[in-house]
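Written below as structure tokens is the structure these notes are about.
The values are calculated or read from the model by the stated rules, or taken from the named source; none is laboratory data. Being a predicted model, the structure only gives us computed values, none of them experimental. Here the Cβ is made from the backbone with ideal geometry for all residues, glycine too, and neighbour counts use every protein chain on show. Calculation scope for accessible area: heavy atoms of the full protein, side chains included, ligands and nucleic acids excluded. Shrake-Rupley method; radii C 1.70, N 1.55, O 1.52, S 1.80 Å.
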Amino acid sequence: MNERISFTELTAFLAVVRHQSFRKAADEMGLAPSSLSHIMRSVESRLGIRLLNRTTRSVATTEAGQRLYERLRPLLQDLNSVIDEVDDFKQSPSGTVRINTSAVVTSMLLEKVVPGFLSRYPEMSIDLVCEDRLVDIVAEGFDAGIRFRESVPQDMIVVPFGGRTRFVAVASPSYLRNARPILTPDDLSLHRCIRHRMPSGKLYRWEFEKRGEEMVVDVAGSITLDSIPMMIQAAEAGLGIAYVPFVAASKGLAEERLERVLDDWCPEFDGLCLHYPGHRHVPAGLRAFIAALKEWA
């Protein structure tokens with residue numbers, strides 16, 4: 001091999017494998033997909049071995065490509081940690097913090113935390129990726145994630161904020177005005193409910209508890225949605241009862257577009273937390289964001 005493979009080319013290779021898509025990897029790196037494809041072909045040519053199997057719809061590693069990916073990923077993570085440690089000597093943090101979370105939490109961060117954080121640290125930028133599915137934040141290149149505590153892997157460092165929370169059953173005043181009374185979860189069978197399809201494809205079953213009595217209800221309804229913000233919108237439009245995290249419904253409740261039902265049946269549980277891998281150096285930018293999050297909470 002006459003010419004060494006550059007750091008940028010190795011980073012590009014990792015991005016392609018991580019996303020299993022030239023388009024998504026190119027978006028991450030700010031390149032055209034055709035340029036990224038050319039880079040990968042050049043790398044393979046200089047190495048003298050195929051690293052990727054390409055079809056019109058997908059890309060996957062060859063055995064050699066998978067071996068290279070598994071060896072490179074921790075090395076580049078360590079290199080990024082070294083760069084982060086050097087960056088800590090700056091008086092003000094800079095760079096990008098990549099955070100994976102849900103659409104509901106993203107909306108909250110944009111309203112409550114991000115404006116003050118960016119005003120205080122003008123050299124910082126924030127990359128928020130919102131999706132309901134749970135992801136491996138290490139494998140997908142995130143600095144941190146924000147989820148409910150029960151969803152966070154046990155090997156992560158956890159930073160709780162906002163205290164304990166609960167799911168709440170909510171509906172619009174117009175829906176409840178002419179509705180039958182809702183005194184127990186059994187009464188939901190007489191109502192229109194807005195069902196939630198989870199990222200796995202399964203329908204969420206509503207979980208209630210009161211004085212040690214637990215009930216799990218497979219509600220009926222004419223509307224099924226896979227987005228909690230859309231469920232809130234449907235409830236506010238009078239289309240039925242939604243069962244959603246309090247953080248998602250709080251604005252609608254405060255502005256009286258929603259009302260609670262079955263409040264004494266809605267149990268508390270551990271709330272939101274930011275989490276990140278314990279084996280990594282925590283960059284100054286992430287530490288500053290954690291401090292801003294705690295300050296708001």
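Structural remarks
- With the highest mean first, a sort of the peptides 186-194, 218-226, 138-146 on other beta-carbon atoms found within 10 angstrom per residue produces 138-146, 186-194, 218-226.
- A quarter of the convex hull surface defined by the alpha-carbon atoms of the range 200-297 gives 9.5 nm² as the mean projection.
- Pairs from the table (Lys202/Lys251; Lys24/Lys294; Lys251/Lys294; Lys202/Lys294) lying more than 31 angstrom apart at Cα are Lys24/Lys294; Lys202/Lys294.
- Antiparallel DSSP beta bridges within the range 1-146, as percent of all bridges there, nearest 5: 25
- Electrostatic bookkeeping for Ser189 treats Lys and Arg as +1 and Asp and Glu as -1; over the other residues with beta carbon under 13 Å from its beta carbon, the sum is -1.
- The range 175-297 - share of DSSP beta bridges that are antiparallel (%, nearest 5): 55
- By DSSP, the beta bridges lying fully in the chain are antiparallel in about 65 percent of cases.
- In whole percents, the pair-distance distribution calculated for the range 198-241 from its alpha-carbon pairs, binned every 5 Å from zero, is 5, 18, 23, 24, 16, 10, 3.
- Amide H contacts of Arg98 (H built 1.01 Å from N, under 5 Å, at least 5 apart or other chain): Asp127, Asp143, Ala144
- Summing charges over all other residues whose Cβ lies under 12 Å from the Cβ of Gly221, with Lys and Arg as +1 and Asp and Glu as -1, gives +2.
- Computed from Cα atoms alone, the Kirkwood hydrodynamic radius reported for the range 97-165 is 13.0 Å.
- Part-to-part distance (alpha-carbon centres) for the range 117-135 and the range 170-234, which is given in Å: 32
- When the chain is described by a simple charge dipole with +1 on each Lys and Arg Cβ and -1 on each Asp and Glu Cβ, the residue from Ser42, Ser174, Thr101 located farthest towards its positive end is Ser42.
- Surface composition of the chain: carbon and sulfur atoms hold 49% of the protein heavy-atom accessible area at a 1.4 Å probe.
- Pairs of Cα atoms nearer than 8 Å and 6+ residues apart set the relative contact order; for the chain it is 22 percent.
- Labels on offer are [x] 181; [y] 126; [z] 165, and the one holding volume of the Cα convex hull per residue in Å³ computed from this structure is [z].
- For the range 122-268, the percent of C-alpha pairs falling in each 5 Å distance bin, counted from 0 to the bin holding the largest distance, reads 2, 8, 17, 19, 19, 15, 9, 6, 3, 1, 0, 0.
- Gain on full stretching of the segment that runs from Arg166 to Ser6 - 0.36 nm per residue minus C-alpha separation: 52.6 nm
- For the range 13-164, the solvent-accessible area of protein heavy atoms averages 57 Å² per residue (probe radius 1.4 Å; ligands and nucleic acids excluded).
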